1. Among the residues of the stretch 221-228, is any surrounded by 13 or more Cβ atoms within 10 Å (Cβ to Cβ), closer than 30 Å to residue 106 by Cβ, touching an Asp or Glu at 6+ places or on another chain (Cβ under 8 Å) and among the hydrophobic types (A, V, I, L, M, F, W, C)?
2. For the stretch 70-97, what are the residues that are under 30 Å from residue 209 (Cα atoms) and touching a strand residue (DSSP E or B) at 6+ places or on another chain (Cβ under 9 Å)?
3. Could you please tell me which pairs satisfy a Cβ distance under 8 Å, a separation of 6+ or placement on different chains, a first residue in the stretch 156-177 that is under 13 Å from residue 192 (Cβ atoms), and a second residue that is small (Gly, Ala, Ser)?
4. Which residues, taken from the stretch 41-67, are buried (at least 17 other Cβ atoms within 10 Å of the Cβ) and out of contact with any Asp or Glu (no Cβ under 9 Å at 6 or more places or on another chain)?
5. What are the residue pairs meeting all of these: first residue in the stretch 96-123, first residue of a type in the set (S, T, N, Q), second residue assigned to a helix (DSSP H, G or I), Cβ atoms under 8 Å, and 6 or more apart or on different chains?
6. Within the group 126, 86, 105, which residue is farther than 30 Å from residue 199 by Cβ and either in contact with a Lys or Arg (Cβ under 6 Å, 6 or more places away or on another chain) or assigned by TED's automatic domain parsing to the domain that holds residue 31 (or both)?
7. Could you tell me whether any residue of the stretch 47-65 is aliphatic (A, V, I, L, M) and either under 21 Å from residue 8 (Cα atoms) or under 27 Å from the mean Cα position of the chain (by Cα) (or both)?
Amino acid sequence: MGLKDTVTKNREIYGNCKVLSPDGHLMFRCEEKKVNWYLSRGLAEIVETDPLTAKLNFEPKGYGNHESEYGLNEMENLCVNCGEEEYLTRHHVVPYCYRKYFPLELKSHNFHDVLAMCPECHDNYERKADVLKSEIAEEYDSPVNGIIDTDNRDIIKLKKLANALLSDNKLPASKVRKIKKELTKEFGWKRITRKRLIEIVEQKISRHKTTHGELVVSKLEDHKGFVKRWRKHFLEYNDCEYLPTNWSVDYD
């Protein structure tokens, strides 16, 4: 199966529908799905069909991208690297594995860092991105595969001790006495039975996996600098001849 076999041929990454404020200012562009969300809740009305344009009928808290140099112009649906217009995929310049753990004010405004790429260019760049991820993993002591946190470390030790008594291996009498003493002290028992040993061995251990992205973001002191680092890396390893107008590494 080729890369294109998993992607819709005529997929549009940018919907280019318009959303206006009640007084007619263009706030942002979006996909038709989002416009329909406003319409279905009675929050907007259609004022134009080509392109689909909706005007909000409530006063928003902000004007979206109204004063921004990016995101109000019509976005071309083509690969930012080679210009291919079919089989487009959505590329997150700052990988989602990090972005999902960003503070809400950064996580919820990531439109600038979602770009269109064809499958071939996308796959080629992801190999380069994996190298940067490995560098970041080393810098922040955050393994790419994450780490497993065990919440019951003491239980693991006790399970091993109980299992040692249950095993067929003959332990020295002194070792047996030592293990029994530790177990009776831990559980407040007067004597140890086979049933109690089995109960210890069968206790479940709760484990929690902390992902690479979560570890890295928890140690970040400069989120915006981290975002710019990924943007610069993307520009370095792609031709980017077809970037949207006003796309910038320094966009805040």
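1. yes
2. Hits for the stretch 70-97 are 89, 90, 91, 92, 93.
3. Going by the 8 Å Cβ cut-off, there are no qualifying pairs.
4. Once the filter is applied, which keeps residues that are buried (at least 17 other Cβ atoms within 10 Å of the Cβ) and out of contact with any Asp or Glu (no Cβ under 9 Å at 6 or more places or on another chain), the stretch 41-67 yields 44, 53, 64, 65.
5. Listed by first residue and then by second, the contacts come to 110/99.
6. 86 is the lone residue from the list that is farther than 30 Å from residue 199 by Cβ and either in contact with a Lys or Arg (Cβ under 6 Å, 6 or more places away or on another chain) or assigned by TED's automatic domain parsing to the domain that holds residue 31 (or both).
7. No: zero hits.
Results for (1) of a type in the set (Gly, Ala, Ser); (2) modelled with pLDDT of 90 or more; (3) closer than 30 Å to residue 123 by Cα, shown as yes or no for each residue.
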| residue | (1), (2), (3) |
| --- | --- |
| 171 | no, no, no |
| 201 | no, no, no |
| 238 | no, yes, yes |
| 246 | no, no, yes |
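The values are calculated or read from the model by the stated rules, or taken from the named source; none is laboratory data. These numbers come from a predicted model, not from an experiment. As a convention, Cβ positions derive from the backbone with ideal geometry for all residues, glycine included, and neighbour counts pool all protein chains shown.
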